[in-house]
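*Asks:* Just passing along the structure, written as structure tokens.
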Amino acid sequence: MDYNSSGQYNYNYPPAPPQPPAPPAEQGTNSKSVTALVLGILSIAIPYIGFILGIVAIIIASLSFKEIKATQEKGHGFSVAGLVCGIISTVIYGLLILFFVIVIIAAVSTPDNYWNYSNF
């Protein structure tokens, strides 16, 4: 009989088969791309601060494009959607601000007697 140094019987089992390699870790979605998408949607949905949120969404989306290219993460579509929503809201709110500024300038620059109701 085959005993080891501690006096226990030495069972000669065949070696265990090698373990299969672990599957590659799934790459996550880039967090900046998700942030850009959320800010882009909020910039369209929230009226008064949408202009600022749109600009921030554009900046974060452009940063996420660079990061996705370097790390090969997922989320390119989220970045594109955030960028598009940010651009649309920034253009819309920019035009609205421009319109209101023109209206205010036109109202201030008219003579005071123009709005006199005796003309009607």
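*Asks:* Just to check I understand the Karplus step: with θ = phi - 60° and J = 6.51 cos²θ - 1.76 cosθ + 1.60, what whole-Hz values come out for the range 90-99, glycine and proline as x?
*Replies:* 5, 5, 4, 6, x, 5, 5, 5, 4, 4
*Asks:* Pop out the ³J(HN,Hα) list for the range 38-49 in order, Karplus 6.51 cos²θ - 1.76 cosθ + 1.60 with θ = phi - 60°, rounded to Hz; leave Gly and Pro as x.
*Replies:* With coefficients 6.51, -1.76 and 1.60, one gets 4, 5, x, 5, 5, 5, 7, 7, 9, x, 7, 9 Hz.
*Asks:* What is the list of residues in the range 52-83 whose amide nitrogen lies under 17 Å from a point 7 angstrom out from the Cα of LEU98, following Cα to Cβ?
*Replies:* Counting only backbone N, you get 52, 55.
*Asks:* Still on this structure, I have one more. Mind listing the long-range amide H neighbours of GLY75? Cut-off is under 5 Å, sequence gap 5 or more, other chains count too, H placed in the peptide plane at 1.01 Å from N.
*Replies:* Here ASN30 satisfy the definition.
*Asks:* Related question: Can you give the accessible area of PHE100 in Å² (nearest 10), computed on protein heavy atoms with a 1.4 Å probe?
*Replies:* Approximately 120 Å² for this residue.
*Asks:* Let me ask another. Cβ under 13 Å from LYS32's Cβ, LYS32 left aside: what net charge do those residues give with Lys, Arg +1 and Asp, Glu -1?
*Replies:* Once positives and negatives cancel, what remains is +1.
*Asks:* Please calculate the 1.4 Å probe accessible area of LEU98, with all protein chains present, and give it to the nearest 10 Å².
*Replies:* About 100 Å², rounded to the nearest 10.
*Asks:* From the phi of every residue in the range 31-37, what ³J(HN,Hα) in whole Hz does the Karplus formula 6.51 cos²θ - 1.76 cosθ + 1.60 yield, where θ is phi - 60° and glycine or proline is x?
*Replies:* Once θ is set to phi - 60°, the couplings for the range 31-37 become 5, 5, 5, 5, 4, 5, 5 Hz.
The values are calculated or read from the model by the stated rules, or taken from the named source; none is laboratory data. Everything numeric in this text was worked out from a predicted model, so none of it was measured. Ideal geometry is used to build each Cβ from the backbone, glycine not excepted, and the neighbour counts take in all protein chains shown. Areas reflect the complete protein model, heavy atoms only, side chains present, ligands, DNA and RNA absent. Shrake-Rupley method; radii C 1.70, N 1.55, O 1.52, S 1.80 Å.
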